[in-house]
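Asks: Before we start, here is the structure in question, set down as C-alpha cells.
The values are calculated or read from the model by the stated rules, or taken from the named source; none is laboratory data. Because the structure is a prediction, the values reported are computed rather than measured. Every residue, glycine as well, gets a Cβ built from its backbone with ideal geometry; the counts of neighbours run over all protein chains shown. All accessible areas refer to the heavy atoms of the entire protein, side chains included, with ligands and DNA or RNA removed. Shrake-Rupley method; radii C 1.70, N 1.55, O 1.52, S 1.80 Å.
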Amino acid sequence: MTQFATRTLAADVVVIRPEGRLNMVAAPQLREQLHGLVDGGSARLVVDLAATEFVDSSGLGALVSGLKAARQAGGDLRLAAPTAQVRSVLSLTSLDRVLRTYDSAEDAFDGD
C-alpha cells in the first residue's frame, strides 16, 4: 500500500499530504497512517490537502477517524490548504464546523 508523505514541523506537529483522490481506495490507507502516527506518539496532526483534488464520504470518514484518535490522545487534527472541491464537500456536510481549516500547514498550530 502507498504511504502518504509526512514531515515534522516545530512543536511536534506532523504533516501528512495525501495527493489526488481521497476516496474509497485511498481512505483506508490514510486512516491507517493517521492512527499509526497517533499510536506512535504524534497527536498533533495536519492533513495538507493542497494536492487533494477530490474527497468523498470515505475520505471524510478517514479524516474524522483521525480527528477522533488525535483528540483521544490529547491532541488535534487540522486541515491545511483544502482545494475548492474539498472545501465545498466540507461545507455541504457541515464538517467544516468540526474539521478546522488553515491556509497552510505551518499556520495550523501557530500559536497553540
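Asks: When only residues in region 38-52 that are charged (D, E, K, R) and touching a strand residue (DSSP E or B) at 6+ places or on another chain (Cβ under 6 Å) count, which is least open to solvent (accessible area, probe 1.4 Å)?
Replies: Only one residue fits best here, namely ASP48.
Asks: Can you pull out every residue in region 97-111 that is touching a strand residue (DSSP E or B) at 6+ places or on another chain (Cβ under 9 Å) and free of Cβ contacts under 8 Å to residues at least 60 places away in the same chain?
Replies: Selection gives LEU99, ARG100, THR101, TYR102, ASP103, SER104, ASP107, ASP110.
Asks: Of everything in region 73-89, what is in contact with a helix residue (DSSP H, G or I) (Cβ under 8 Å, 6 or more places away or on another chain) and either free of Cβ contacts under 8 Å to residues at least 12 places away in the same chain or not in a helix (DSSP H, G or I) (or both)? Give them in sequence order.
Replies: Listed by number, the residues that qualify are ALA73, GLY75, ASP76, LEU77, ARG78, LEU79, ALA80, ALA81, PRO82.
Asks: In region 8-37, which residue that is in contact (Cβ under 8 Å) with a residue 40 or more places away in the chain and more than 19 Å from ARG87 (Cα to Cα) is surrounded by the most Cβ atoms within 10 Å (Cβ to Cβ)?
Replies: That would be LEU34.
Asks: Further question: Pull up region 65-86, narrow it to residues that are of a type outside the set (A, V, I, L, M, F, W, C) and under 10 Å from VAL55 (Cβ atoms), then point me to the one that is least open to solvent (accessible area, probe 1.4 Å).
Replies: The qualifying residue least open to solvent (accessible area, probe 1.4 Å) is PRO82.
Asks: Mind listing whichever residues of region 90-112 are among the hydrophobic types (A, V, I, L, M, F, W, C), modelled with pLDDT of 95 or more and part of a loop (DSSP other than H, G, I, E, B)?
Replies: VAL98, LEU99
Asks: On the given criteria, is ALA62 within 20 Å of ASP110 (Cα to Cα), in a helix (DSSP H, G or I) and either modelled with pLDDT under 95 or not charged (D, E, K, R) (or both)?
Replies: Considered against the rule, which asks whether it is within 20 Å of ASP110 (Cα to Cα), in a helix (DSSP H, G or I) and either modelled with pLDDT under 95 or not charged (D, E, K, R) (or both), ALA62 comes out as no.
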